[in-house]
Amino acid sequence: MSLSSGQLLFAERPSDPSPFPFVADHDNPLTALGAKYDPSKRWHNYLIYYWLHFRDIRLKVTRMLEIGVATGESIRMWEEFFPNAIIYGMDIDPKCGKYEGGRRKILIGDQGDISFLQRTAQEVGPFDIIIDDASHRVEHQLTTFNALFPHLTENGVYVIEDTGGCVGDFSLRTINTLKPIIDHIMYWPKDVQPSDWAKLTDFPAGTPWIDRNVIGISFYRWIVFVMRGKNPQGHPFLRLPPSHGQLTAT
Ligand SMILES: C[S@@+](CC[C@H](N)C(=O)[O-])C[C@H]1O[C@@H](n2cnc3c(N)ncnc32)[C@H](O)[C@@H]1O
């Protein structure tokens, strides 16, 4: 079958009744913790995506922030899943203060208050992981992302739960605002030839921060993961497996 530009490869295939089977095994330790603590994200089938993205960094994460505490089940689950991390839970509802304990810290405030977010991040950040599961309003999702994404650690991960139709954002404003990040991930400086990729160990002075500091973005149905990292230093061509030796710029 030949594809014309813009044609979807899978358009004629019947759709599956559910997102599973998926590239990660549904029978995993995080799903088991989900059954133990029962956070609302379990009922939205998000744990499989979290497992995919977090399984290999479980022991390395030292500081995470979840915005939206509700009944505290989610931050309890993360506390057990990340044994070396302090788990910050932020919520507008002062009653959530009662969920502080162990390695869980509660921050009371409004995610729509940018100065509160920035002050908090300066005081207790940076974070290896930030999850936005709070008001689910588009304005909040976007302003919170703008305020806090720079407060991730160098290889941190930012997650926005509940985007699109499930929260009434039928025109996909959050998703469409995030899509251009793909262009930044692909940034290629003017006047550098493709054959010079091995020499591309740094970008020219003045290259915008976003071109230098985002290495990936994953869109799933209603949940998005944005990965910080170093461009171009972290690009795959410069990271051959050890058996291949280390590539150096020529
Ligand atoms: C969906 S619940 C969080 C569920 C929890 N993360 C879980 O997985 O079980 C949303 C929470 O966000 C809080 N919230 C709503 N608007 C907020 C805002 N503007 N700033 C901070 N928290 C907010 C609510 O009080 C509520 O506790």
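Measure out, as a whole number of angstrom, how far apart the alpha-carbon centroids of region 203-220 and region 28-83 sit.
27
Using Cβ counts within 10 Å as a stand-in for footprinting exposure, how do Ser135, Ser171, Ser195 rank, fewest first? Don't skip to the end; give the middle numbers.
On the way: Ser135 18, Ser171 11, Ser195 7.
Starting with the residue having the fewest Cβ neighbours, the order is Ser195, Ser171, Ser135.
Which residue, Val226, Ile87, Pro236, has the largest displacement toward the positive end of the dipole of region 41-244 when charges sit on each Cβ (Lys, Arg +1; Asp, Glu -1)?
Going by the charge dipole, the pick is Pro236.
Rounded to the nearest 500 deg cm²/dmol, what is the calculated helix-only ellipticity per residue at 222 nm for the chain, with -39500 (n - 2.57) per DSSP H run of length n ≥ 4?
Calculated from helices alone, the mean residue ellipticity at 222 nm is -7000 deg cm²/dmol.
Mind telling me which of Val23, Val61, Val124 comes out most flexible in a GNM of the chain, alpha-carbon contacts under 10 Å?
The residue with the greatest mean-square fluctuation here is Val23.
When the chain is modelled as a GNM with alpha-carbon springs shorter than 10 Å, which of Ile215, Ile130, Ile114 fluctuates the most?
Judging by the Gaussian network model, the answer is Ile114.
Could you check the simple spin-label distance between His53 and Lys199, using points 7 Å along Cα→Cβ, in nm with one decimal?
Taking the two extended label points, one gets 3.7 nm.
Who wins for biggest fluctuation among Lys41, Lys98, Lys230 in a Gaussian network model of the chain, springs between alpha carbons below 10 Å?
Judging by the Gaussian network model, the answer is Lys98.
Listing Glu100, Glu139, Glu73 from the residue with the fewest other Cβ atoms within 10 Å to the one with the most, what is the order?
Ascending Cβ contact count within 10 Å gives the list Glu139, Glu100, Glu73.
Mind checking the dipole of the chain: about its Cα centre, +1 per Lys or Arg Cβ, -1 per Asp or Glu Cβ, Debye to the nearest 20?
The dipole magnitude comes to about 400 debye.
Rank these for me by crowding, Tyr46, Tyr187, going from fewest to most other beta carbons within 10 Å.
Tyr187, Tyr46
For a quick check: with amide H placed at 1.01 Å from N, whose amide H comes under 5 Å from Gly89's, ignoring anything fewer than 5 positions away on the same chain?
Those lying under 5 Å, H to H, from Gly89 are Glu66, Lys105, Ile106, Leu107.
Using the structure shown, select from Lys95/Lys230; Lys60/Lys179; Lys98/Lys179; Lys60/Lys190; Lys41/Lys98 the pairs with a Cα to Cα distance greater than 31 angstrom. Write down the numbers at each step before the final one.
Numbers: Lys95/Lys230 39 Å; Lys60/Lys179 29 Å; Lys98/Lys179 38 Å; Lys60/Lys190 37 Å; Lys41/Lys98 21 Å.
Beyond 31 Å between Cα atoms: Lys95/Lys230; Lys98/Lys179; Lys60/Lys190.
Read-outs: derived from the displayed coordinates by stated rules, not from any lab. All values reported here derive from a predicted model rather than from experimental measurement. Quick reminder, even Gly has a Cβ in these numbers, built from the backbone with ideal geometry, and neighbours come from all protein chains shown.
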